[in-house]
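One structure is given below, encoded as structure tokens.
The values are calculated or read from the model by the stated rules, or taken from the named source; none is laboratory data. All figures in this text were calculated on a predicted structure; none of them were measured in a lab. Note that we place each Cβ from the backbone using ideal geometry, even for glycine, and neighbour counts take in every protein chain shown. To get the accessible areas, we keep the full protein, side chains included, count just its heavy atoms, and leave off ligands, DNA and RNA. Shrake-Rupley method; radii C 1.70, N 1.55, O 1.52, S 1.80 Å.
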Amino acid sequence: MCLTNVFCHEIFVAISAIACMAGLALLWSRKPSDDETEATESILLKMSFSYWLVYCVAFGVQKLIVPDWENVTGTLRLTTTLSYLLTFSCIVCLPLHKFAVHEIEE
């Protein structure tokens, strides 16, 4: 059991960074398909993993840098916020894309 919620979040971010690298490696090892919908889904998945990996790296660097460097920590906070929102938007777009393709086929 974790001692504090902050420590648990740091462990979660470290584990998810490793999972993102594994996911990106699996996605890039696949053969590109000729189907446009599968290519779009693959791109959305790659973008979600990439944005989340940027979040993990920025979060880790933010924890390692001295708090006195206000300019750097402010930039890292902005980076973590934007990458978090971009990850969320990619995750939301994936089922919406599947729904839109399903509607067109019918």
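Can you find a residue in segment 27-34 that is open to solvent by 40 Å² or more (accessible area, probe 1.4 Å) and either within 10 Å of the chain's Cα centre (by Cα) or modelled with pLDDT of 95 or more (or both)? The answer is no; no qualifying residue exists. As a summary of the residue check, M21 satisfies the conditions (1) open to solvent by less than 50 Å² (accessible area, probe 1.4 Å); (2) in a helix (DSSP H, G or I) except for the one numbered (1). Screening segment 62-96 for residues that are closer than 17 Å to L44 by Cβ and of a type in the set (V, I, T) and picking the one that is surrounded by the fewest Cβ atoms within 10 Å (Cβ to Cβ) gives V92. Restricted to segment 62-71, and to residues there that are in a helix (DSSP H, G or I) and either modelled with pLDDT of 85 or more or within 19 Å of H9 (Cα to Cα) (or both), the residue that is nearest to the chain's Cα centre (by Cα) is Q62.
Per the conditions (1) in contact (Cβ under 8 Å) with a residue 24 or more places away in the chain; (2) exposed (fewer than 11 other Cβ atoms within 10 Å of the Cβ), the sole criterion not satisfied by S48 is (2).
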